[in-house]
1. Among 35-46, 367-378, 188-199, what's the highest-first ranking by average C-beta atoms within 10 angstrom per residue?
2. The chain: percent of C-alpha pairs farther apart than 30 Å?
3. For region 326-410, evaluate the Debye formula with one uniform point scatterer on each Cα (no solvent term) and list log10 I(q)/I(0) at q = 0.13, 0.21, 0.25 Å⁻¹, rounded to two decimals.
4. Among the lysines, which have Cα under 28 Å from the Cα of residue 301 when same-chain residues fewer than 8 positions away are ignored?
5. Inverting the mean 1/r over all pairs of different Cα atoms, compute the Kirkwood radius of region 256-405 and quote it in Å.
6. Could you give the Stokes-Einstein D for region 311-366 in µm² per second, using the C-alpha Kirkwood radius, 37 °C, 0.692 mPa s?
7. Where a Cα-Cα gap under 20 Å defines reach, which aspartates and glutamates qualify for residue 308, not counting those fewer than 8 residues away within the same chain?
8. First select every other residue whose beta carbon is under 14 angstrom from the beta carbon of residue 279; then total the charges, Lys and Arg +1, Asp and Glu -1.
Amino acid sequence: MATQVTSDQPIFDTIIVGAGLSGLYAARVLSRSGQRVAVLEARDRVGGLTCSPYSEYLGEHIDLGGAWLADNHTRMHELVREFSVPLIRQFKTGQEVAVDGMTANAGEVGSFPGREAALPELQAAIARLEEALSGIDIDAPWNHPMAKDLDAITFATWLQQNVETPATRELLAMSTNAYFGVMPAEVSFLETLHLLKTCGDIIFMGDTLTGGQAAHMMGSQLISEGLAATVNGVVSLRSPVRRIIQNDQGVVVECHDSTWQGKRLICALPPVMINRLEFEPPLPAYRRAFHQRCPIGRYTKAILAYDKPFWREQGLSGIATSLDNGMTGIFDLGDGDARHGAISILFGGEPSLRLEDVSVAERDRIILDQVASALGEQGRHPVEMVVQQWVNEPWSQGGACSYMTTGTLTTIGDRLWQPCGRIFWAGTHLARVWRGYMEGACAAGEAAAQAVLAASP
């Protein structure tokens with residue numbers, strides 16, 4: 001049935017689907033250029049994969065989604081200053097713990113305690129990975145002379161072919177689980193290289209000094225709330241988009257109980273969510289194929305609060321990893337003068353799977369077991385614990401970053417940023433830099449907005 005649009009409905013310069021960081025940053029760029037914008041969001045909140053409820057016990061916001069910034073995440077640091085969001089340097093005084101089954105080994109931060117014997121092979125494998133990274137064009141990875149071969153295998157296959165011992169393979173396999181929420185057997189090796197290239201490299205992403213884990217916010221969603229307040233136009237919550245119609249004059253967007261008109265549209269959703277929308281006329285076949293072959297990673301994150309940071313009394317930094325994939329990582333969320341204790345524990349990729357399809361009681365038991373194994377029995381008794389399983393979030397169905405399966409990047413990659421008529425694309429999965437990070441979401445939103453402005457009127 002044809003959509004009925006009355007003449008008194010306003011026509012926006014640009015309609016943006018998705019009020020996460022990418023969509024709202026695009027709205028910021030367009031608003032500053034004088035455009036009138038409508039941002040449509042299915043949830044009852046803005047922020048997308050940032051979510052920051054307030055903890056009465058801690059007296060501050062806690063981040064159940066994106067939180068960490070590197071020193072060179074320039075867009076995000078500008079927003080942190082503009083909206084006065086607390087930013088804390090990652091606490092790393094003391095030893096790091098690495099859990100391996102029933103054993104907890106302590107050592108210097110970043111030293112892989114308990115796997116010292118594997119370090120020479122690990123360093124050699126990272127050198128081979130860095131050599132492969134050096135040949136990747138960040139803007140056109142499909143132009144690599146061996147692109148099709150690299151895209152035909154998974155990261156797990158490369159590990160099998162290039163790393164001799166299982167223990168070292170497990171250490172490297174932790175990287176895609178941790179950073180992108182994807183198991184090595186699920187993701188193309190060319191895509192793995194491209195993901196790492198856009199984020200610096202595998203070492204930089206785990207760096208707690210100036211790299212990907214150098215500082216964390218306490219209230220990352222406040223950035224999205226601040227951006228939403230500056231939109232020149234409308235931010236409409238509880239407005240899940242069902243259908244997008246475009247013609248030579250503009251676009252019509254149908255939500256559950258409202259209809260919107262615009263000259264152009266930016267879709268800032270993960271590909272798995274775009275698959276739920278109806279397009280008229282249909283999107284090109286390559287675009288539909290991309291959305292089908294670009295799942296989103298799996299993440300669970302829990303924030304636990306204690307009456308004091310008891311691990312510091314034991315000489316521990318609060319930073320912990322798991323060598324047996326029981327969890328991804330633990331981080332102390334306080335500064336040097338923290339009165340209460342607060343940690344985040346992350347489960348990405350394979351570790352997240354173990355928390356799914358179990359009861360809430362069993363999930364919480366697994367989380368507390370991991371904390372106790374790393375930091376001691378006091379870890380079983382938090383004053384407060386909040387858990388976010390992003391795979392259960394109906395408007396996300398996963399967390400952190402979308403990734404491409406084998407054969408996708410070389411088949412479709414050179415068209416990823418092309419508009420489809422009046423429809424443009426954003427989202428951290430399309431960032432040319434810092435894919436999967438909040439900075440990448442902003443960069444992709446900015447690029448989409450600039451493309452819209454270039455295409456106007």
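FYI, it's all coordinate maths here, none of it is from the lab. The structure displayed is predicted, hence computed values, not measured ones. Cβ placement follows ideal geometry from the backbone for every residue including glycine, while neighbour counts extend to all protein chains displayed.
1. 188-199, 35-46, 367-378
2. 44
3. Calculated log10 I(q)/I(0) at the listed q: -0.52, -1.09, -1.36.
4. Correct list for residue 301: 92, 197.
5. Here the Kirkwood hydrodynamic radius works out to 17.9 Å.
6. On the way: Rh = 12.7 Å.
So the translational diffusion coefficient is about 259 µm²/s.
7. Once the sequence-local aspartates and glutamates are set aside, what remains near residue 308 is 56, 60, 63, 96, 332, 335, 337, 369, 377, 384.
8. +3
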